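Below is one structure, written out as structure tokens; comments come after it.
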Amino acid sequence: MRPPTPAALGLLLLLLPLPPPAEPSKKATPCKRCRGLVDKFNQGMVDTAKKNFGGGNTAWEEKTLSKYEFSEVRLLEIMERLCDGSDFDCHSMLEEHEERLEAWWLRLKKEHPDLFEWFCVKTLEVCCSPGTYGPDCLACQGGSQRPCGGNGDCSGDGSRQGDGSCKCHPGYQGATCMDCVDGYFSSLRNETHSICTDVDECAAEAPPCGDQQYCENVGGSFVCEECDATCVGCTGKGPGQCKECVPGYTKESGQCADVDECALADAVCARENENCHNSPGSYACVCPEGFEEAEAACVHMQTAAAEAAEDPAQPPSHEDL
């Protein structure tokens, strides 16, 4: 077989489907990177806080550890653990602002104990304080102390992004999430708080469901469910929630249970030789095998055949035909 020509190969490549473009990875915002750096710094402070030398000279250790607590040695140990080896953005931020972190550690920590607020919000200006948003760190809807009335999420909260609008939690609505949606009512409300409570439609004076249904309350609404098949009216799911039982059932231990009519003291199948078979909610009277039904009894087939032979007026049974 001759190998394909370059022109043919080019045409083949054009006809092949192109692979789908790779989805771009979502790059972390400057605020998120700064917050991550601060979180690791704080964790490094925790990890090195309990460092000890394990010796026996307590006085010497206390003096030495006191020096270590505020030392550049401890700072170096914390800084070495801040970035993973492959985290380019973290290493880049650390390299750019290493001197600022060192200045905070050696001179400013007591005056500004909140590293995130000092470093990310006030120094680098890449984040905002909680309850504020956007380039100018404006207060979220409802105020920075309790954004969105505590009943929603502020767009851009704590960052230099977003528009400060509220995304309300279920049951709440309005610009500051202080109003109730349909199906809820305000059980407590003042200038800063609004507690939204679901309306229990099932507790209404006039039940919203049919006679053979029970009502289940759900957030902001209700649903009607069918009663158990053994119930005449019910208050909930299952045979244990029946108001009354359908014929053939009776209350036992709080539930509607099948009545075994065949076990009653007064026989329900009164014909001679007749058997009783119980079934859910009912029963059946049947003649046993080898017997056939007569007006007042179940008669053995041989006996019935003999009686028919003695009585010419009696029509023959189906076995004699």
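The values are calculated or read from the model by the stated rules, or taken from the named source; none is laboratory data. Only a predicted model underlies this, so the values are computations on that prediction, with no experimental measurement involved. In this analysis, Cβ positions are derived from the backbone assuming ideal geometry, glycine residues included, and neighbour counts consider all displayed protein chains. Surface areas here come from the heavy atoms of the whole protein model, side chains and all, with no ligands, DNA or RNA. Shrake-Rupley method; radii C 1.70, N 1.55, O 1.52, S 1.80 Å.
Couple of notes before you dig in:
- Accessible surface of Met178, taken over heavy atoms with a 1.4 Å probe and every protein chain present, rounds to 20 Å².
- FRET E, pair Glu216, Asp39, Förster distance 41 Å, beta-carbon r, rounded to 0.05: 0.40
- Farthest toward positive dipole pole in the stretch 199-302 [+1 Lys/Arg, -1 Asp/Glu at C-beta], among His300, Asn273, Cys231: Cys231
- Options Thr176, Gly143, Ser165, ranked by Cα towards positive dipole end of the stretch 98-234, top entry (Cβ charges): Gly143
- Measuring only protein heavy atoms, the 1.4 Å probe finds Thr132 accessible over about 20 Å².
- Only protein heavy atoms count here; on that basis, with a 1.4 Å probe, Val46 has an accessible area of about 90 Å².
- Each label point was placed 7 Å from the Cα along the Cα-to-Cβ direction; for Lys109 and Ala284 their separation is 8.8 nm.
- Distant-in-sequence amide contacts of Asp179, defined by a placed amide H-H separation under 5 Å and a gap of 5 or more residues or a different chain, comprise Gln173.
- In this calculation the C-beta distance from Glu225 to Ala204 is compared with R0 = 25 Å, giving a FRET efficiency of 0.90.
- About its Cα centre, the dipole of the stretch 113-235 is roughly 740 debye, where the only charges are +1 on Lys and Arg Cβ and -1 on Asp and Glu Cβ.
- Surrounding net charge for Tyr214, when Lys and Arg each add one and Asp and Glu each subtract one, Cβ distance under 11 Å: -3
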